[in-house]
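Asker: Here you go, one structure.
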Amino acid sequence: MTEPNKSEWNSNIAFVMAMIGSAVGLGNIWRFPNVLYSNGGGSFMIPYIVSLFLLGISFVLVEYAVGFKFKKSLAQILYFIKEKLEPVAWFVLLIVFLITTYYVCVVGWDFIYIILSFTKAWGANPDLYFANTVLHSTDSMTGIFTIVPNVLVSIAVIWFVLWFILKRELNEGIGFVSKLLLPILAAIVVIIVAFSLTLPGASIGYSQIFTPDWSALTNPNVWLAAFGQIVFSLSLGMAIALTYASYLPKGSKLVDNAIVVAFSNSGFEVFNSIGIFSILGFMALTSGIPFNELVTEGTGLAFVVFPQVFNVMGPWSSVIAPLFFLCILFAGITSAMALLEGVCYSISEKFLIDRKKTATAVCIVGFLISTIFATGVGSTILGVFDTYLNNFALLFAVLLECIIFGWIYKFDDLIATLNENSRIKVGKTWKTVIKYILPVCIFGLWAQGVYSTLTTADSTSITIMIILTVVLIAVPIIFAKLPARNKNFFNIEN
Ligand code: PHE
């Protein structure tokens, strides 16, 4: 069997849009405002911008250079660098895949909220509504045997949409959807922010962002938080940038593109947080609840606090509420499809399975795993998956990638690849960052994550984490051991 034709972006704009779409996700909308608020407000922008340039863009460039140079999937590239490294690729991809299984579930909850938002069906107690009526949450582990139908259906819908995009040719699927959804997403955010600024009390909220707490700058945890947000927000180390860059035609300006993507992603989250804070400021004024009690992150912000705000917002809420949930949906879909593309690419390249069949298999398995989150204990398990995979496994994977590309691979070749066509050049500073500074920072973040996870986890969480660890060790080894059907898998011409 011959190797399938290599996909290629038909325009630079499709690539840039897909990259921005992969980065702008739930993390930008509901994680960033809280991180900003809890780490000194305005002064947080200093560690944030330093992390963005020094670490974020630097690592994106590694992924771009590697993907672009080899024009292959992560599994094949790591195999080429050193045969024994292939399991590391499957380890990274498995983490990414498992993250997607619960990410899709959250996007599914959001889908339910789009429908609810037209009539504000969550009623006077959105917190109880979310836990009882939407999730049917129970504390007992026996809840794993009860399926929550509405959640299951919404998860199925999102997986179906992802399958529908991924099975198509690159430009017709991911390229088209990115070019369509991203401008709509940007327009919705502009509308929400503009509207939020007209609300009474808005200044109580947005002034928090602009009021700096300079003393926070001497706190190392604030610097780690900034770095953590950049890792999460730019989706570093998840083989997304590497995969997307491998589809770039010759002559592409890698460094210039990386800067556009990183700036757009950060611009999005900073701009969006002005809207989130203004809306919370309005709530503080209207309800008398102190501002600091309203600021939260994640599902609590989107599915509890925001519905509460919409309840008191008046007639405009019937427009703003659906737009808000639609914004989360679009941001979620463009990120989830990016997470899956790298996984599909490695599988299809090693086992010579065409795009459509790979997407079908990956989406079916993904859906089956996601059903765990559609049970009565779904949200509890989801929380454990989220903490473990993000704080623990993913950072460890990024650390491995830094070591592999910075130390094991001939790093200078990457500098040449990046500088070939770009107007902005990289050099020795970049090398130092990747070889020394980045691994140290990631290790710091990882150690902090491990410590906080282990000190707060209960016995159920520990059991789930042990199961995940076993899966994360065994499955990559099996995938690496499986014989490649693609005979070219073992040799790269570069
Ligand atoms: N960067 C995206 C976000 O902010 C995608 C992502 C998904 C990142 C899952 C980490 C984990 O949501």
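Asker: Can you list the HN-Hα couplings for region 257-274, worked out from phi with the Karplus curve (6.51, -1.76, 1.60; θ = phi - 60°), rounded to whole Hz and with x for Gly and Pro?
Answerer: 4, 4, 5, 4, 5, 5, 5, 5, 5, 5, x, 4, 6, 5, 4, 4, 5, 4
Asker: Here is a follow-up. Limiting things to C-alpha atoms, what are the Rg and the maximum Cα-Cα separation (Dmax) for region 256-409, in angstroms?
Answerer: Gyration radius and largest Cα-Cα distance of region 256-409: 20.2, 61 Å.
Asker: Right, something else. Compute the distribution of all C-alpha to C-alpha distances in the chain, in bins of 10 Å from 0, and list the percent of pairs in each, rounded to whole numbers.
Answerer: Result returned by the calculation: 4, 20, 31, 28, 13, 4, 0.
Asker: Which net charge results for the neighbourhood of Val96, defined as the other residues with beta-carbon distances under 15 angstrom from its beta-carbon, given Lys and Arg at +1 and Asp and Glu at -1?
Answerer: -4
Asker: Now, a different point. If all Cα-Cα distances of region 363-417 are sorted into 5 Å bins from 0 onward, what percent lands in each bin, rounded to whole numbers?
Answerer: Reading upward from the zero bin: 4, 16, 14, 14, 14, 10, 9, 10, 6, 3, 1.
Asker: According to the Cα gyration tensor, what semi-axes, each the square root of 5 times an eigenvalue, does the equivalent ellipsoid of region 378-494 have, listed from largest to smallest in whole Å?
Answerer: On the way: eigenvalues 225, 104, 24 Å².
Here the semi-axes work out to 34, 23, 11 Å.
Asker: Now for a different question. On average, how much area does the Cα convex hull of region 185-314 cover when viewed from any direction, in nm²?
Answerer: Details: hull surface 41.2 nm².
Convex hull of Cα atoms, orientation-averaged projection: 10.3 nm².
Asker: Show me, for region 301-313, the HN-Hα J-couplings you get by feeding each phi into the Karplus relation (A = 6.51, B = -1.76, C = 1.60, θ = phi - 60°), rounded to Hz, glycine and proline as x.
Answerer: These are the phi-based 3J(HN,Hα) values: 6, 6, 9, 10, 5, 5, x, 4, 5, 4, 4, 10, 7 Hz.
Asker: So how many Å³ per residue does the convex hull of the Cα atoms of region 6-112 work out to?
Answerer: Looking at region 6-112, the number lands at 161 Å³ per residue.
Asker: Highest mean first, how do 433-439, 244-250, 288-294 rank when packing is the count of other Cβ atoms within 10 Å averaged over residues?
Answerer: 244-250, 433-439, 288-294
Asker: Please give the calculated 222 nm ellipticity per residue for the chain, where each DSSP H segment of at least 4 residues contributes -39500 (n - 2.57) and the sum is spread over every residue; nearest 500 deg cm²/dmol?
Answerer: -21000 deg cm²/dmol
Asker: Could I ask something else about it? Sum up the charges of everything whose Cβ sits under 10 Å from the Cβ of Ile240, counting Lys and Arg as +1 and Asp and Glu as -1, but leave Ile240 out.
Answerer: My count for the surroundings of Ile240 gives -2.
Asker: What fraction, in whole percent, of alpha-carbon pairs in region 327-399 exceed 13 Å separation? Could you put the intermediate results ahead of the total?
Answerer: Numbers: 1976 of 2628 pairs.
Counting every Cα pair in region 327-399, those more than 13 Å apart make up 75 percent.
Asker: So, one more: Largest first and to the nearest Å, give the Cα extent of region 177-239 along each principal axis.
Answerer: Cα extents, longest axis first: 43, 41, 9 Å.
Since every read-out is calculated from the coordinates, none of them should be taken as a lab result. These numbers were taken from a predicted model, which means no experiment stands behind them. Glycine also receives a Cβ, built like all others from the backbone with ideal geometry; neighbour counts cover every protein chain displayed.
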